[in-house]
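Take a look at the structure set out below.
The values are calculated or read from the model by the stated rules, or taken from the named source; none is laboratory data. Remember, predicted model here, so these are calculated numbers, not experimental data. Note that we place each Cβ from the backbone using ideal geometry, even for glycine, and neighbour counts take in every protein chain shown. Just the protein is used for accessible areas: all its heavy atoms, side chains included, with ligands, DNA and RNA removed. Shrake-Rupley method; radii C 1.70, N 1.55, O 1.52, S 1.80 Å.
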Amino acid sequence: MADTMKMGQYAKVKGNIEDAIHMVTGPIPAASSLTKDQILVRVLTVALNPADYKLPESYVGSLLIRQPAIPGFDHCSRVVAAHPSVTTFKNQLVFGGFSRAPPNGTLAEYTVISASECAALPDDVDPEHGAAAATAGTTALHGGIGSWGLQFANAMGARVVTSCSGSGSAVDMCKELGADEVFDYRQTDVIAGLKSRIVSFGLVVDNAGNSSDLYDISPMILKPGGTFVQVGIGSNVDLGSNAMTVKRSLLASFPVGGCKYYFVNAKNSTESLEQIAQWMTEGKAKAVIDSKFTFAKVPQAFQKLRTGHAKGKIVMAHI
């Protein structure tokens with residue numbers, strides 16, 4: 001194994017992260033430096049999440065993430081070394097993701113991650129699909145999000161109503177993944193449509209967080225004891241969005257506070273990832289890939305992610 005690796009690194013973000021990332025060469029973490037539960041992996045594929053740019057670009061992120069930093073939460077990788085405390089994952093493919101924003105993430109040829117945030121990749125699952133299943137999949141498992149949330153809800157027998165944007169192909173994709181009814185929010189007023197319904201919901205998930213409209217009508221459309229789940233955090237991660245989350249959580253803690261409120265702060269775990277892997281192997285769930293980039297095209301990948309119109313995951317692969 002070589003002594004050095006290539007990695008996408010930023011020192012300080014002023015504006016967009018894609019303008020701050022530079023490909024640099026640095027030392028590969030030494031196997032002797034691993035601590036309890038840690039594994040050293042050679043990264044094969046990476047799947048991007050909105051948090052990969054929202055956190056580094058935010059004031060909150062500048063406080064949480066030690067810089068210079070390497071972005072990237074999710075990966076599919078091959079284990080090349082492990083701390084003696086790790087008895088699994090010997091020289092095999094794993095997938096998973098960091099549960100907290102890492103200073104040394106997955107946009108590198110090698111990274112160090114906790115074995116408890118990874119699971120073995122099934123033989124019949126493509127590495128790109130493994131990377132795409134990590135944070136998005138575990139978040140969906142704990143509250144529902146995007147294409148994974150549709151498939152998991154369908155696998156558990158729920159009736160699902162969702163919204164999407166754009167062409168008929170997007171609507172068809174949602175139905176193929178398990179949605180019973182789909183609103184095209186460019187053509188239909190989703191809030192008005194939901195308010196006019198007679199049937200109430202047991203669960204309402206806000207996957208965007210760009211406005212309070214859905215939360216405001218949730219007492220009208222939720223069944224007694226129903227839950228409002230907040231996944232999306234809008235365009236920015238700031239003190240205001242954090243304060244809003246705290247306020248809604250406090251209101252929900254009182255009987256007069258309306259519906260139950262749950263902000264998804266999913267933690268990647270071997271148990272959750274193994275459940276997702278099982279559903280993928282059984283054909284009950286699959287990753288939806290929007291586009292693929294090489295690591296030389298990191299800025300373009302972030303630009304595509306930033307549009308908010310990707311129909312699936314954006315993945316990058318070392319070549």
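Limited to region 216-233, what total is found for residues that are outside any strand (DSSP E or B) and within 19 Å of G308 (Cβ to Cβ)?
Going through region 216-233 one residue at a time, the tally reaches 3.
Take the residues in region 56-76 that are open to solvent by 30 Å² or more (accessible area, probe 1.4 Å) and part of a loop (DSSP other than H, G, I, E, B), then tell me which one is nearest to E117 (Cα to Cα).
Residue satisfying both the conditions and the ranking: R66.
Which of the residues spanning region 29-38 are surrounded by fewer than 12 Cβ atoms within 10 Å (Cβ to Cβ) and either touching a Leu at 6+ places or on another chain (Cβ under 6 Å) or assigned to a loop (DSSP other than H, G, I, E, B) (or both)?
Of everything in region 29-38, those that are surrounded by fewer than 12 Cβ atoms within 10 Å (Cβ to Cβ) and either touching a Leu at 6+ places or on another chain (Cβ under 6 Å) or assigned to a loop (DSSP other than H, G, I, E, B) (or both) turn out to be A30, T35, K36.
Which of the residues that make up region 106-126 are in a loop (DSSP other than H, G, I, E, B) and either over 19 Å from A2 (Cα atoms) or of a type in the set (D, E, K, R) (or both)?
E109, L121, P122, D123, D124, V125, D126
Pairs under 6 Å by beta carbon, first residue closer than 16 Å to V79 by Cβ and in a helix (DSSP H, G or I) in region 127-140, partner open to solvent by 10 Å² or more (accessible area, probe 1.4 Å) and not polar (S, T, N, Q), six or more apart or different chains?
From residues that are closer than 16 Å to V79 by Cβ and in a helix (DSSP H, G or I), the pairs are P127/L44; G130/L121.
G26 - would you say it is under 20 Å from the mean Cα position of the chain (by Cα) and not in a loop (DSSP other than H, G, I, E, B)?
No: the conditions fail for G26.
So which residues in region 43-55 are in a loop (DSSP other than H, G, I, E, B) and at pLDDT 90 or above, if there are any at all?
Passing the criteria: L48, N49.
Going by the conditions given, is R42 farther than 28 Å from G146 by Cα and touching an Asp or Glu at 6+ places or on another chain (Cβ under 7 Å)?
yes
Output the number of the condition that S163 fails; it satisfies all remaining conditions of (1) open to solvent by 20 Å² or more (accessible area, probe 1.4 Å); (2) at pLDDT 90 or above; (3) hydroxyl-bearing (S, T, Y).
Going through the list (1) open to solvent by 20 Å² or more (accessible area, probe 1.4 Å); (2) at pLDDT 90 or above; (3) hydroxyl-bearing (S, T, Y), S163 breaks only (2).
Quick one: which of S249, S241 is more than 21 Å from the chain's Cα centre (by Cα), at pLDDT below 70, surrounded by 13 or more Cβ atoms within 10 Å (Cβ to Cβ) and part of a helix (DSSP H, G or I)?
Within the list S249, S241, the selection yields S249.
Can you tell me which residues in region 1-26 are closer than 13 Å to I70 by Cβ, without any contact (Cβ under 8 Å) to a residue 60 or more places away in the chain and open to solvent by 50 Å² or more (accessible area, probe 1.4 Å)?
If the condition is that a residue be closer than 13 Å to I70 by Cβ, without any contact (Cβ under 8 Å) to a residue 60 or more places away in the chain and open to solvent by 50 Å² or more (accessible area, probe 1.4 Å), then A11, H22, T25 are the ones that fit.
Check off (1) in contact (Cβ under 8 Å) with a residue 40 or more places away in the chain; (2) open to solvent by 20 Å² or more (accessible area, probe 1.4 Å) for D172 and give me the number that stays unchecked.
Going through the list (1) in contact (Cβ under 8 Å) with a residue 40 or more places away in the chain; (2) open to solvent by 20 Å² or more (accessible area, probe 1.4 Å), D172 breaks only (1).
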